[in-house]
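Below: the structure, in structure tokens.
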Amino acid sequence: AASSRGEHVTPFALPRPYNLSEVTDQMLHNFGLGALALGIFGARGALGTAAFANSSGMCAGSDSDTTIFLGNQGAAACNAGSLPEEYIAMKCETLAFLKAGAEAYLTDSSKITEVLPSAPGSNGMNGEVVGPSVTVVETPNFKFGKAASGRMMGHISRNSAYGFIGIASYLMLEGALDFTTNDFKVPGNWGRGKDVTDVCVVPLEDGVCGSTPHTATPGTFKFSMYGYMDGNGYSSFASGYTHVAVRQRVTLSSMGSNVTVAFNGGAATAPEDISLGNTSITSLSISGASSIVTIAYPATYNVGTIAKSNFFSQAKPKPAATLSVIIHAVPIDSESFFLDFIFALDHGLQDKNGYFVYDPDVTVSDVTSAAATTSARSALWAGAAALLATLLM
């Protein structure tokens, strides 16, 4: 497709992260919770490489470069040194800036400019990559694990323009939890990462975070995609574009033979035959040899500005609007395609310190018994035991 690759630049702070608020964090290096997490997560390699969790036949994990692995455990051990027997991989590759609206780039590659990951060392001691950072939260009423990872995009300097893409997720273990906010982690704090808390992930009501919560029960996996723009040159750079997109590569090479994809409940097709044009995606189903991965894409996202309430306060994300997201599927080859998550450059996102947050859902089912889908919202349990192994040695 003409739009598979546009102009690549790296001219282009980081956000501050956000967690499920109502609770107190307990870090995995606490020995008791560390031991608990070791029972949940398996890992391979050093910190920053993929680690996996398994539940009810599902196997999932993530890497520090935002790659999500998700699939059917099958005969695989899904622990140290093991991948799922069958899985997809989803990686946020670039920030893509679009000219002349959200559709022109689909047929004219001059309308898209992709901003690549920041060069190693360009952010000094704070680092360009964060996570996977893993925490277990436990109260008398519920227990869940959460993880965050992400990477900076573009050339980092005071007067340039650059940004950040991150993923924050949680896996509910016990009890039930209603929530309206999430937390994220970004590079900073001399390589240890920074947290930004209480970022609203539900639609706004009368200009404030909505009162209708998401509910997590055991087996629920939820993840949020977030981005942040910075640099004194960002506003000038962004003025030449109308939208920004997170370009995610979905790779199907490990789903077995005769893999098909279906969008919005439509007919299944081979990945290389995707031809949706400017139709926006609301759901995706990927059928492999033994499993089906289904992703539901909500219609809206939140956007706003990271700002201080007063001179002495910490900068916080301030939501300004709930807007409609546009998602395009762009074919690459027989084993992969792009999903472009497109956000308008307004309501703060056109300027330095603008941010967005978006909240998809994932499920996995056995291809032979899809009607008995086990809800196991999965992804991102990367680095969990790797982190533990590092901290507990």
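With 0.36 nm allotted per residue and the present C-alpha distance subtracted, the Asn141-Glu272 stretch has 42.4 nm of extension available. Max-minus-min Cα coordinates of the range 230-307 on each principal axis give 49, 25, 23 Å, with the largest extent listed first. With a Förster radius of 35 Å applied to the beta-carbon distance between Thr282 and Ala119, the computed FRET efficiency rounds to 0.45. Summarising the label geometry, the points placed 7 Å from Cα in the beta-carbon direction at Lys318 and Ser211 lie 2.4 nm from one another.
Straight-line cross-link partners of Lys316 among the lysines, defined as a Cα under 19 Å from its Cα and at least 8 positions apart when in the same chain: Lys185, Lys194, Lys308, Lys352.
More than 16 Å apart: what percent of Cα pairs in the range 124-181 qualify? For the range 124-181, the share of Cα pairs beyond 16 Å comes to 58 percent.
Using C-alpha pairs under 8 Å with a sequence gap of at least 6, the mean separation divided by the residue count of the range 189-302 gives a relative contact order of 21 percent.
I'd like the trypsin sites (Lys or Arg not before Pro) in the range 200-278 restricted to DSSP loop residues with at most 16 other Cβ atoms within 10 Å, sorted by number.
Working: sites: Lys222, Arg247, Arg249; in loops: none.
Of the trypsin sites (Lys or Arg not before Pro), not one in the loops of the range 200-278 has a Cβ with at most 16 other Cβ atoms within 10 Å.
The alpha-carbon positions of the range 134-283 define a convex hull whose volume is 202 Å³ per residue.
Can you give the Rg to Rh ratio for the range 194-353, taking only C-alpha atoms and Rh from Kirkwood?
Details: Rg = 18.5 Å, Rh = 18.1 Å.
Result for the range 194-353 is an Rg/Rh of 1.02.
Cut-off 14 Å, label point 7 angstrom out along Cα-to-Cβ of Glu174: give me the residues of the range 110-152 whose amide nitrogen falls inside. Hits in the range 110-152 for Glu174 at 14 Å: 136-145. Residue separation of Ser235 and Ala296 scaled by 0.36 nm, minus their Cα-Cα distance, works out to 18.7 nm of gained length.
Every read-out reported here was derived from the displayed coordinates using simple, explicitly stated rules and does not represent laboratory data. None of these values were measured; they are calculated from a predicted model. Backbone-built Cβ (ideal geometry, glycine too); neighbour counts: all protein chains shown.
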